[in-house]
1. Considering only B:TRP275, B:VAL15, B:PHE219, whose Cα is most displaced toward the positive end of the charge dipole of chain B, charges sitting on Cβ of Lys, Arg (+1) and Asp, Glu (-1)?
2. How large are Rg and Dmax for the stretch B:209-262 when only the alpha carbon atoms are used, in Å?
3. Using the eigenvalues of the Cα gyration tensor, what equivalent ellipsoid semi-axes result for the stretch A:36-133 when each is taken as the square root of five times the eigenvalue, whole Å, largest first?
4. Can you give me the distance in nm between label points at B:ALA215 and A:SER97, each placed 7 Å from the Cα along the Cα-to-Cβ direction?
5. Give the value in nm², to one decimal: projected area of the alpha carbon convex hull of the stretch B:9-195, averaged over all directions.
6. Starting from the Cα gyration tensor of the stretch B:196-303, multiply each eigenvalue by 5, take the square root, and state the resulting semi-axes largest first in whole Å.
7. Alpha carbon centre of the stretch A:112-151 versus the stretch B:240-303: separation in Å?
8. Residues of the stretch B:212-232 with the amide nitrogen closer than 20 Å to a label point 7 Å from the Cα of B:ASP258, along Cα-to-Cβ, please.
Amino acid sequence: MSLNFIQIILVLIVSFLAGMEGILDEFEFHQPVIACTLIGLVTGQLVPCLILGGSLQMIALGWANIGAAVAPDAALASVASAIILVLGGQGKAGVNSAIALAVPLAVAGLLLTTLVRTLATAVVHIMDKAAEEGSFGKIDFWQIVAICMQGVRIAIPAGFILAVGSGPVKALLDAMPTWLVDGLGIGGGMVVAVGYAMVINMMATAEVWPFFAIGFVLATVSQITLIGLGAIGVGLALIYLNLSKMGGSGNGSSTNSGSGDPVGDIIDTY
Amino acid sequence: MADKITLTKKDRWAVCWRSTFLQGSWNYERMQNGGWTYALIPALKKLYTTKEDRVLALKRHMEFFNTHPYLASPVIGVTLALEEERANGAPIDDVTIQGVKVGMMGPLAGVGDPVFWFTVRPILGALGASLAMAGNIMGPIIFFVAWNIIRVAFMWYTQEFGYKAGSRIADDMSGSLLQDVTKGASILGMFILGSLVNRWVSVKFTPTVSDVKLADGAFIDWDKLPSGAKGIHEALTQQANGLSLENHKVTTLQANLDSLIPGLAALLLTLACMWLLKKKVSPIVIILGLFVVGILAHLANLM
């Protein structure tokens, strides 16, 4: 089935929103149940796309961006598979084959988002320059540019699929070499270290290095969750602060009572 | 004496709205830093009027930041309070502000991920999805409306909570509370960084170090087992007695490294990055280099 001009524009707008949300994770336009439904709404194939969205949502329930790790890309998976479903024109009968396409699409989307997140590094360097000039307007502008890059990340593939049809897309996904996908995944696991290295360089003093070591070792106990580690960290900080005060303030506290002996003070007041 | 500059509810709401776009310029170098600065701009604009102050404020907020996008709100609240006090002349330095940010972001991400991504979203998502699969348009509508009400309410109230708590911290200027917070925050920050390096930096090697044939009697001899359920029983008993399933003992490089301490490679990588950064190597070069290393190492079957 072919779409008219207005429908194509609307599909691209939905794709753009889904792409933005794929990084922002706020309004959740990129979640399959929303993204597929919106594509269905603007192309007049609401029910098949709604069902596709529901089915994909079930698959994607646990997909989440944790820390710096990037989840399979729900945005590209939902938008592209919904478009392919609509173009295929099979209605509800096409839902299953669209689902089968969604997972490789999610991996392809992962590559695109990795690329855009790397490009965004250049954007924040421009923002650094704007900060040097004290220019609020420029920072606002480049933040919006970065968000638009994420929108375009989905809008371009969507436009591409609309232009070439679903057949070539399938062939392209099959042709993507696994060594590239896996290798980028491995690289992505390592580049996180750069960010941590920058913060450590800023915070580290001889006084606080031991706490880094303790945190590192305790993290190897996989039963301790991040919340648990947070609690231990707070506990250690409080203990350290209190102990360092006890050492230093032995004279200071004597100004209160004159004796420096809390038990003695209590007895004296009786 | 000049009047105290305060952030009104309207200013705080502007910041809260902008924090919606926190992850917009998410990047591999400093992650949410651009979005963080973008979110704070309405407040910074009001608090600092001279160009020098504005430059300093923007630069200190362009530092690394990363947490769960919704749990950033309480951190933003505390930061607003600290910035407000600083603008009014309190001696709050960059290290304090950065320490508070880093100290809060790790544990809060640890709260946000399980609560939002692994509890609220799957529940609402499954509800919406089951309605949608039955062809009911209420599915996506319920998911969208419920999610966004929860999200906006959470972001606004935790930001306000952080703002009020932050003012109290900064108000107590007579005592050493602020110093304690600074030192405590950097202790917590370093502790959390240590654990994050271990948990989130992933370096895994695949090569096999040794492949030794085990002596007879050290592994389960599958050919000599009785057939059927009895054989399974015998095999499980033998395994429980410590016999190996295979007649070879394969030791991978990763297993050897893990027996020293898991995450050692991640630690060395982080230290190497720190060293390179101190040598003024551009972070972008390091990042691209790591991607190339990842692909090459994978092709060479090292990773």
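1. Checked the options; the winner is B:VAL15.
2. For the stretch B:209-262, the Cα-based Rg and Dmax read 14.1, 42 Å.
3. For the stretch A:36-133, the ellipsoid semi-axes come out as 33, 15, 11 Å.
4. 6.2 nm
5. 11.7 nm²
6. Value: 44, 14, 12 Å, ordered largest first.
7. The two parts, judged by their Cα centres, are 31 Å apart.
8. The answer is B:212.
Any read-out appearing in this document is the output of simple, stated calculations on the displayed coordinates, not a laboratory observation. As the structure is a computational prediction, the values presented were derived from the model and not from experiment. Every residue, glycine among them, receives a Cβ derived from its backbone with ideal geometry; neighbour counts consider all protein chains shown.
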